[in-house]
1. Can you tell which of 31, 357, 169 lies farthest toward the positive end of the dipole of the chain, using +1 and -1 charges on the Cβ of basic and acidic side chains (Lys, Arg; Asp, Glu)?
2. Of 279, 188, 209, which is farthest towards the positive pole of the chain's charge dipole, taken about the Cα centre with +1 and -1 on the beta-carbons of Lys, Arg and Asp, Glu respectively?
3. Mind ranking 266-275, 55-64 by how tightly packed they are, going by the mean number of other C-beta atoms within 10 angstrom, highest first?
4. Among DSSP beta bridges whose residues both lie in the chain, state the antiparallel percentage, nearest 5.
5. Please turn the phi angles of region 339-345 into ³J(HN,Hα) values with the Karplus equation 6.51 cos²θ - 1.76 cosθ + 1.60 (θ = phi - 60°), one per residue in order, whole Hz, x for glycine and proline.
6. As a check on your grasp of the helix formula, calculate [θ] at 222 nm for the chain: sum -39500 (n - 2.57) over DSSP H runs of n ≥ 4, divide by the residue count, round to the nearest 500.
7. Using the basic label-point model (7 angstrom from Cα toward the beta carbon), what is the residue 280 to residue 93 distance in nanometres?
8. Once the convex hull of the alpha carbons of region 284-380 is built, what does its volume come to per residue, in cubic angstrom?
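All of the numbers you see were taken from the coordinates with simple rules; none came from a lab. Keep in mind it's a predicted model, so treat the numbers as computed, not measured. Using ideal geometry, Cβ is built from the backbone for each residue, glycine included, and neighbour counts are taken over all protein chains shown.
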Amino acid sequence: MNGVRPPESVGVAIVGGGLMGREIAAALGRWPALVDHPVTPRLVGVADINPAALEWFRTIDTVEITTTDYRDLLADDRVDVVYVAVRHDLHQQIYVDVVEAGKSLLAEKPFGIDGDAARAVLAAVEAHPESFVRCSSEMPYFPGAQVALRYIASGALGEIVSARCSFLHASDLDRAKPSNWKRQARFCGQAGVLNDLGMHTWHVPLRLGWKPERLYGVLQDVVTERPGPDGTPVPCDTWDNAVVHSWVPQPGGKEFPLTTETKRIDPGQKNTWELEAIGMDGSVRFSTKNPKSVQVFGIVDVPGTGREQVWHQVDAGSQSCWPTVTGPNFESGFSDAILQMWAVFLAERHGSLGDRFGAARPEEAALTHVLYDAAITSHAERRVVSL
Ligand SMILES: NC(=O)c1ccc[n+]([C@@H]2O[C@H](COP(=O)([O-])OP(=O)(O)OC[C@H]3O[C@@H](n4cnc5c(N)ncnc54)[C@H](O)[C@@H]3O)[C@@H](O)[C@H]2O)c1
């Protein structure tokens with residue numbers, strides 16, 4: 001015995017074996033990449049109403065339960081933590097059931113199809129403190145994003161002049177792309193692209209305490225119909241692009257403008273997450289478009305010229321919140337960010353997060369719906385909405 005506690009073994013189950021369900025299964029398979037993590041997750045079960053979706057998971061040797069009824073997972077003692085990645089209209093029922101079963105939950109955004117659903121989940125979370133709950137948002141776990149966050153937390157910005165956080169796709173540029181549940185308000189929600197991509201743009205601002213006092217929403221439904229299952233056009237009634245201009249108070253300074261952009265139709269973009277914070281003393285920006293590169297602003301002496309404004313470039317390397325065996329000079333990507341989100345989620349559940357950047361909290365997720373509702377009202381009534 002050397003006195004070091006062995007890692008806690010945690011049984012994980014996935015509800016929804018689609019795009020994200022498979023991504024999370026793959027991330028858990030890479031767990032040995034994490035150094036000295038206090039938890040060892042084991043993927044024990046998967047539920048999907050589509051039996052064909054379960055097939056892929058049968059190749060993972062730890063998976064003992066495959067079922068078309070997620071309640072089988074909630075009744076099983078081998079399951080401690082449930083990750084749910086299903087259509088937005090299904091969030092409320094499944095999230096509440098998970099929490100009421102006493103299981104911990106990593107819930108996909110937008111944490112309910114609308115504000116009422118999010119508040120119902122929040123009420124269940126508050127009634128069941130034994131259930132540790134967080135909302136999925138992985139982009140801040142890119143190492144470059146963490147460099148930018150540490151820069152901001154250091155106070156290097158001084159008085160903040162402006163900030164922007166964006167999440168940009170061009171996946172809907174093709175008008176012939178068939179419709180799916182994410183393009184229909186009854187499944188995706190009235191907030192449309194805000195429900196799909198908005199959490200990615202608000203996790204960091206809200207965690208930094210940048211809570212807007214008022215906002216103006218600019219929303220676009222660019223493509224209003226798409227081919228249905230038989231090729232006949234069907235309505236595509238969700239917002240495609242949303243820009244939210246807001247004002248945020250800052251202690252000891254003037255309020256500053258915060259802009260969030262969520263776009264499905266931004267030509268040239270593939271899952272681009274960007275953070276920019278401009279201050280009187282310093283500035284920082286990061287984009288997953290150039291995932292190694294973080295830019296910090298300074299005024300430096302340029303030999304032969306004198307004092308000049310310079311955007312310096314820092315290569316971020318591979319290390320994010322939780323250390324990994326990956327060489328520090330190597331590159332990082334989306335799957336690494338997902339692994340880091342799980343590392344902090346299970347570390348926080350274990351009580352070992354320390355001062356690391358934690359996964360999005362239920363109250364932050366619920367607050368995003370207040371912001372989305374305000375943005376929709378603002379757009380419809382062409383006015384600034386106070387929060
Ligand atoms: N964090 C991210 O980066 C990210 C990326 C994409 C999607 N998402 C979110 O993940 C969630 C799912 O999106 P997706 O792209 O994985 O969807 P998807 O359509 O690829 O997969 C959803 C799966 O859920 C299954 N399902 C439907 N009803 C079910 C039920 N009652 N029980 C069990 N399974 C059921 C479907 O058969 C399907 O396999 C959404 O909330 C979405 O917003 C997050």
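1. Selected residue: 169.
2. Towards the positive end, the residue furthest out is 279.
3. On the way: 266-275: 17.6, 55-64: 13.4.
In descending order of packing, they fall as 266-275, 55-64.
4. Once the DSSP bridges in the chain are tallied, antiparallel ones form about 65 percent.
5. 4, 5, 4, 5, 4, 6, 4
6. Calculated at 222 nm, the ellipticity per residue is -8500 deg cm²/dmol.
7. The two pseudo-label positions are separated by 5.5 nm.
8. Per-residue hull volume (Cα only) is 185 Å³.
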